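For reference, the structure discussed in these notes is given below.
The values are calculated or read from the model by the stated rules, or taken from the named source; none is laboratory data. Predicted model, so just to flag it, every value in this text is computed and none were measured. Virtual Cβ from ideal backbone geometry, glycine too; neighbours counted across all protein chains shown.
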Ligand SMILES: N[C@@H](CCC(=O)N[C@@H](CS)C(=O)NCC(=O)O)C(=O)O
């Protein structure tokens, strides 16, 4: 069975959400954040010490967007993948990776210098600069979302999960108040999905049964 190592609301939420969208069986292992500090044995699973760590038979992966791409491609019948011969294929790959490489990256700096570092090392200027950077990158989605409910291929895909996670993280950072209208509506549509709601419930239940705090830690990314 697929095994996913996860911290509450960390990037491993992407594969968790996709697993729920696909309704696949999986084992969810919750770690307190950061796992490398709380569970030395985890370094044998992922020497980087980061989540996600994803195991499917002989396959081991540690990049959240790549795991989404893998799962969607392995289950094409669900339509969360965009096939190589579909017109939206390039758009799909671009947006899937945009979610992590372009959107989550500046948020990591906001987290670190706004929440994670001890007060004397916090840098409000970095927080504001990278919040703006994130929001300006996000604004590039506005015209795309004016003409469609989802990002590409005229349906919900793994690219929406990838970008959707960046919106979830933004909401934990209070940046959702600065979303423009089309992104705000899109974020509401994403949250209304049954797969998204089931993923939230799964992480909450697993946290409680595995003795991990179910509360979002602002340091968890
Ligand atoms: N690019 C990777 C980043 C993975 C990553 O940095 N995960 C964070 C949580 S969001 C983590 O585990 N940090 C713990 C640490 O750095 O020790 C991905 O998208 O999965």
Original post:
Of all the strands (runs of 3 or more DSSP E) wholly in segment 1-90, which have at least 2 residues that are in contact with a strand residue (DSSP E or B) (Cβ under 6 Å, 6 or more places away or on another chain) and either modelled with pLDDT under 95 or within 16 Å of the ligand (Cβ to nearest atom) (or both)?
Top reply: 2-6, 26-30, 53-56
**OP:** Report those helices (runs of 4 or more DSSP H) wholly inside segment 130-221 carrying at least 1 residues which are more than 30 Å from residue 84 (Cα to Cα).
**Re:** 158-172, 181-192, 194-209
**OP:** For segment 84-92, indicate whether the set of residues that are surrounded by fewer than 18 Cβ atoms within 10 Å (Cβ to Cβ) and within 14 Å of residue 11 (Cα to Cα) is non-empty.
**Re:** no
Original post:
Checking residue 212 against (1) in contact with a strand residue (DSSP E or B) (Cβ under 6 Å, 6 or more places away or on another chain); (2) farther than 20 Å from residue 15 by Cα, which test does it fail?
Top reply: (2)
**OP:** Looking only at segment 119-133, decide whether some residue is in contact with a helix residue (DSSP H, G or I) (Cβ under 8 Å, 6 or more places away or on another chain), in contact (Cβ under 8 Å) with a residue 40 or more places away in the chain and in the same structural domain as residue 94 (by TED's automatic domain parsing).
**Re:** yes
Subject >> Condition check for residue 205: under 21 Å from residue 21 (Cα atoms) and surrounded by 13 or more Cβ atoms within 10 Å (Cβ to Cβ) >> reply: yes
